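Written out below as structure tokens is the structure these notes cover.
The values are calculated or read from the model by the stated rules, or taken from the named source; none is laboratory data. On a predicted model such as this, the values are computed, not experimentally measured, just so you know. Using ideal geometry, Cβ is built from the backbone for each residue, glycine included, and neighbour counts are taken over all protein chains shown.
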Amino acid sequence: MMVSLTIMILRLFFVTAMTAALALSADGKVDYRVLATSKTSTMEKELNQAAADGFVFGGAMGGESAFGGSEVITVMTKNSGVPSNGRKYKLIATSKTSTMQKELNQAGEEGFFYCGQTVFSSKFGGKEVAVILELNPDSKAGRITYKLAATSKTSTMEKELRQAGEDGFKFLGVVVGKSAFGGNELISILYKSEK
């Protein structure tokens, strides 16, 4: 059951990434680079190498690969109409939401903006939330403040999201992750920009 759900999610992810890329490619060819690794440090290095080669982030998914291993898979796209001038990527992965929020805000101070998030299993048996951020030198976003809402109850999540919305935070994404205590958590990432 879990394997078939993972396959369905991977198919949905790739269909979404390909649809977005086709929409961008109306006036030119699109090239792709697929990155796959079980190490976050390797993924960040490969993201930045692809950016240096003119590729931009398309989408990411973590989970079981066809060979039974756990990997983070990222699709990068290159389109003649979308320059990648000097973009840089940062990948933050942790099993503690407090650490994640601290590291996101450090990256936000440098102007890194959220691209996507996923959950993957590390080689040591733990599950981590991985967030990919992009620094686009052409962006006028300024300093970005991130907020995480993490809970095991959907009703609590709604309450936390509403409170964050009242404080001016906008929703970016949600994922189900494992907490440091072994339970499942809904983890939402929100942001606000300070120019």
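Six or more apart or on different chains, Cβ atoms under 8 Å: show the pairs whose first residue is in the stretch 31-51 and closer than 12 Å to ILE132 by Cβ and whose second is among the polar types (S, T, N, Q).
As it stands, the answer is LEU35/THR74; MET43/THR37; MET43/THR74; GLU46/THR37; GLU46/THR74; LEU47/THR74; ALA51/SER84, since those pairs meet every condition given.
Among residues belonging to the stretch 89-111 that are modelled with pLDDT under 85 and part of a helix (DSSP H, G or I), point out the one that is surrounded by the fewest Cβ atoms within 10 Å (Cβ to Cβ). Can you show your working first?
As a first pass, look at the stretch 89-111 and keep what is modelled with pLDDT under 85: 94-98.
When the remaining residues are screened for being part of a helix (DSSP H, G or I), the result is 97-98.
On the way: THR97: 19, SER98: 11.
Restricting to residues being modelled with pLDDT under 85 and part of a helix (DSSP H, G or I), the top hit is SER98.
Give me a count of the residues in the stretch 126-177 that are farther than 18 Å from GLU110 by Cα and assigned to a loop (DSSP other than H, G, I, E, B). So that I can check it myself, show each step before the final result.
In the first step, residues of the stretch 126-177 are kept if they are farther than 18 Å from GLU110 by Cα; the result is 126-130, 148-177.
If we keep only those that are assigned to a loop (DSSP other than H, G, I, E, B) too, we end up with 126, 152-153, 167-169.
Qualifying residue count, the stretch 126-177: 6.
Pull up the stretch 112-133, narrow it to residues that are of a type outside the set (A, V, I, L, M) and modelled with pLDDT of 80 or more, then point me to the one that is surrounded by the fewest Cβ atoms within 10 Å (Cβ to Cβ).
The selected residue is PHE113.
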